[in-house]
Amino acid sequence: AHDGKTVGRLGEGNQNGKLSEIKKKIQSVLPGGAWNPLYNTSHLPPEHSDVVIVGGGVIGLSVAYWLKRLEKRRGAIRVLVVERDHTYSRASTVLSVGGIRQQFSVPENIQLSLFSIEFLRNINEYLAVVDDPPLDIQFNPAGYLLLASEKGAAVMESNVKVQRQEGAKVCLMSPEQLRNKFPWINTEGVALASYGMEHEGWFDPWCLLQGLRRKVQSMGVLFCHGEVTRFVSSSSHAVTTSGEEVTLKRIHEVHVKRDHSLEYQPVECAIVINAAGAWSGQIAELAGVGKGPPGTLQGTRLPVELRKRYVYFWHCPQGPGLETPFVIDASGAYFRREGLGNNYLGGCSPTEEEEPDPGNLEVDHDFFQNKVWPPLAQRVPAFETLKVRNAWAGYYDYNTFDQNGVVGPHPLVVNMYFATGFSGHGLQQAPAVGRAVAEMVLDGHFQTINLSPFLFNRFYLGVKVQEHNII
Amino acid sequence: MKAGGRGKLGGTRLHLVTPVWNRSTRGIRGLSRAVGPEGSQKKGRSLLQFLADRFYDVQALREYLLRKQVLTVHQKNRFQGKEWIRSNARGHFPLDFVTFQAVPVEAVDASGCAINYQGLDSLLALKELQSLWLQRCPHVDDWCLSRLHPLANSLQELSLAGCPRISERGLACLHHLQNLRRLDISDLPAVSNPGLTQILVEEMLPSCEVLGADWAQGLKSGPEEQSRDTASPIPA
């Protein structure tokens, strides 16, 4: 029979190589060979998905929930949530202190928070899953107490006016009223205090996360444990009204790489939602946001960075009692009660110069000694004797521009939507932000709460929506 | 169920006692016996009773009407200077109730009512409310307690006994009620540590008498009690 050897004697060396290649291929196709086109891909994400949400924290899951809830026909939208860390060990959601308040200076923030508290109050109507037990988010309706010195008193008054207009239940207290109500406070240096009477407090973020996860899985959202490594997009050129040329990009594929493996799956998608929290800046860079000459729209990066924040847990036997609200001192240090055993959680945001290195989540205990304890002990004399039991660190998705969220589509990468940059108040706005982004995706404009001040454009136009009350 | 029809309303006095639906009535027949019979009604009722004994349809109809009545909110109110006003057998209030519109409500007994977060709107409008009983209300939870702060100026007595959804987190927002003199927090199944919670609430409201769990409950028995237990033999 004719085989390679016979042909090889007659033909050239080149032909010999090609033919042996063909022979190898034929051998691998036959049973017993190495080629296996029908291998099991169930561990990989699907090849097509209408919406890919990068990031499976509370914001990403909230967007997934509202997308499925507001879709026009059941099963109309296929949603894929890609989360790199399935234990949520570094996710901001679960490391958060869990507070929710309406005491902001920007009206949109107040509205977002009011919507979210209504969502949390009726969480078992929103997130009910057949045959599963109801959720108990362990909400403590103790309110927030913000203290202001002489300098900040006027700003606080105007903020409270705005808050009351939006429907928050906040009251202003003088130092004397403060002493009567909370005898454990030392009111030296306090000129004014604002106290939230209702709809403010703290809850368990892990429970909210699990509730959302359970519900969106029951609604048909697919989860993928993997990392987004690449966006494949196509560009088209357009000319603006003033004659400038702009390059519009459209993402076609998202490459999702499996953990500890080289395998990746190109997921063809129509819309990408960047809800990667502290890592949103890196995802935006992958998509080409900010690749251009500085000062232009192409060159405007997403100004969201990782910032590390510490939370300390201490025990103080003579500390304030059951009525303790979430106290935020004028110096920026804060604390709240945790449980019934005279335990407290607290911390302080460092100044720009003292920003710790966000490379890891190690806790700096000296920071507590030097920066957190002195202002708290001055404000609450009982805290002079306390014992730190535990501490952890988490990331803020810090918006270096104006410390407020970025919501909505990018003007040039037309199918990437942002839902990030909340700088420490993302958890309490998550349900409302999810709804806003879903409305933007499905209807093209915001319906319940108008978040146009939070669009990406403001970074290019330089319009700051500065939030003053962040901790 | 209309006000006219059979028999007069049982007088417009202010201290009528309703038949207590959930305890002493056993079915329709017990109900008709519990209502204090007025003269003209007795004959009609015994005929209906006779029919109900004989025909399943009539019995089912009476049970249906009873269920409808029981579902209406069973509120009892006390006005300033007067006695308790309660609804009569048919769930109706006496006709001169409307003359009390200008009189402030002093006490509300909403025990067992299915009042919820939105329903509290009507209670919070009562600026001179002194006494509020919310015993065994199945939907009153921590969120509802956080709404009670507008009543801080007048509320002196609050009873939350037996509410299944209240936990110690909601009790923390009772400190707004500085005029509270009597607080009943007994028998709250969702409170994780009743003894400790009682102590903390007492510290939070120093001028208030707090009725609740006995703080010693849950503590292990002392050595002398233990020896007594082991000494006595188990009865056969």
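The values are calculated or read from the model by the stated rules, or taken from the named source; none is laboratory data. Predicted, not measured: the structure shown is a model, and the values here were computed from it. A quick note on method: Cβ atoms are made from the backbone with ideal geometry, for glycine too, and the neighbour counts reach across all protein chains shown. Calculation scope for accessible area: heavy atoms of the full protein, side chains included, ligands and nucleic acids excluded. Shrake-Rupley method; radii C 1.70, N 1.55, O 1.52, S 1.80 Å.
Partner aspartates and glutamates whose Cα lies under 17 Å from the Cα of A:Lys23, excluding those fewer than 8 positions away in the same chain, are identified as A:Asp3, A:Glu12. Residue separation of A:Ser236 and A:Thr87 scaled by 0.36 nm, minus their Cα-Cα distance, works out to 49.7 nm of gained length. Per-residue ellipticity at 222 nm from helix content only, as computed over chain A with -39500 (n - 2.57) for each DSSP H run of at least four residues, stands at -8000 deg cm²/dmol. Hydrodynamic estimate: the Kirkwood radius of region A:144-197 over Cα pairs, inserted into Stokes-Einstein at 20 °C and 1.002 mPa s, corresponds to D of 191 µm²/s.
A protection proxy built from the mean count of other Cβ atoms within 10 Å ranks the segments B:164-172, A:82-90, A:284-292, most packed first, as B:164-172, A:284-292, A:82-90. Projecting the Cα atoms of A:Phe335, A:Ala430, A:Ile273 onto the charge dipole of chain A (Cβ charges, centred on the Cα centre) puts A:Ile273 farthest toward the positive pole. Taking amide H positions as modeled 1.01 Å from N, with prolines and chain starts lacking one, the residues under 5 Å from A:Leu192 and 5 or more places away or on another chain are A:Ala148. Highest mean first, the peptides A:187-194, A:91-98, A:129-136, A:108-115 sorted by other C-beta atoms within 10 Å per residue fall in the order A:108-115, A:91-98, A:187-194, A:129-136.
Between B:Tyr117 and A:Glu150, the simple label model (points 7 Å from Cα in the Cβ direction) yields a spacing of 4.3 nm. Within 10 Å of the Cβ of each residue in B:170-179, the mean number of Cβ atoms contributed by other protein chains is 5. Rounded to the nearest 20 debye, the dipole magnitude of chain A is 1160 debye, with +1 charges on Lys and Arg beta carbons, -1 on Asp and Glu beta carbons, and the Cα centre as origin.
Computed from protein heavy atoms with a 1.4 Å probe, the total accessible area buried between B and A is close to 1900 Å².
Accessible area per residue, 1.4 Å probe, Å², for region A:69-192: what's the number?
For region A:69-192, the solvent-accessible area averages 47 Å² per residue.
Under a model in which nothing but the beta-carbon of Lys, Arg (+1) and Asp, Glu (-1) is charged, region A:310-397 shows a dipole of about 620 debye around its Cα centre. For region A:144-197, averaging the sequence separation of C-alpha pairs within contact (under 8 Å, six or more residues apart) and dividing by the residue count gives a relative contact order of 54 percent. Comparing the full protein assembly with the isolated chain (1.4 Å probe, heavy atoms, ligands and nucleic acids excluded), the residues of region A:125-171 losing at least 20 square angstrom of accessible area are A:Gln138, A:Phe139, A:Asn140, A:Pro141. Label region A:310-397 by shape, choosing from rounded, prolate and oblate, from the square roots a ≥ b ≥ c of the eigenvalues of the Cα gyration tensor; if a/c is under 1.5 it is rounded, and otherwise prolate applies when a/b is larger than b/c, oblate when it is not. The shape class here is prolate. Modelled spin-label separation between A:Asp366 and B:Ser186, with each label point placed 7 Å from Cα along the Cα-to-Cβ direction: 5.8 nm. Summarising the label geometry, the points placed 7 Å from Cα in the beta-carbon direction at A:Thr385 and A:Lys72 lie 6.9 nm from one another. Within region A:236-255, whose backbone N sits under 15 Å from a point 7 Å along Cα→Cβ of A:Asn457? Taking a point 7 Å out along Cα→Cβ of A:Asn457, the residues of region A:236-255 whose backbone N falls under 15 Å are A:240-242. Take the Cβ atoms of A:Thr247 and A:Asn40, set R0 to 30 Å, and the FRET efficiency comes out at 0.15.
Within the accessible surface of region A:181-330, defined with a 1.4 Å probe on protein heavy atoms only, the carbon and sulfur portion equals 51 percent.
For peptide A:319-327, compute the average count of partner chain beta-carbon atoms within 10 Å of each residue's beta-carbon.
Working: counts 0, 1, 8, 16, 11, 3, 3, 0, 0.
Mean shielding by partner chains, rounded to a whole number: 5.
The antiparallel fraction among DSSP beta bridges confined to chain A stands at about 75%. Shape summary: chain A maps onto an equivalent ellipsoid whose semi-axes, from the alpha-carbon gyration tensor, are 50, 25, 22 Å in decreasing order. A simple packing score, the average count of other Cβ atoms within 10 Å per residue, orders the peptides A:402-411, B:173-182, A:454-463 as A:402-411, B:173-182, A:454-463, with the highest score first.
Full extension of the chain between A:Lys24 and A:Thr296 yields a length gain of 92.5 nm, computed as 0.36 nm times the residue separation minus the alpha carbon distance. If R0 is 22 Å, the Cβ-Cβ spacing of B:His139 and B:Asn193 corresponds to a FRET efficiency of close to 0.40. Convex hull of alpha carbon positions in region A:371-471: directionally averaged projected area 8.9 nm².
Averaged across the residues of B:199-205, what count of C-beta atoms belonging to other chains lies within 10 Å of each residue's C-beta?
The per-residue average across the peptide is 3.
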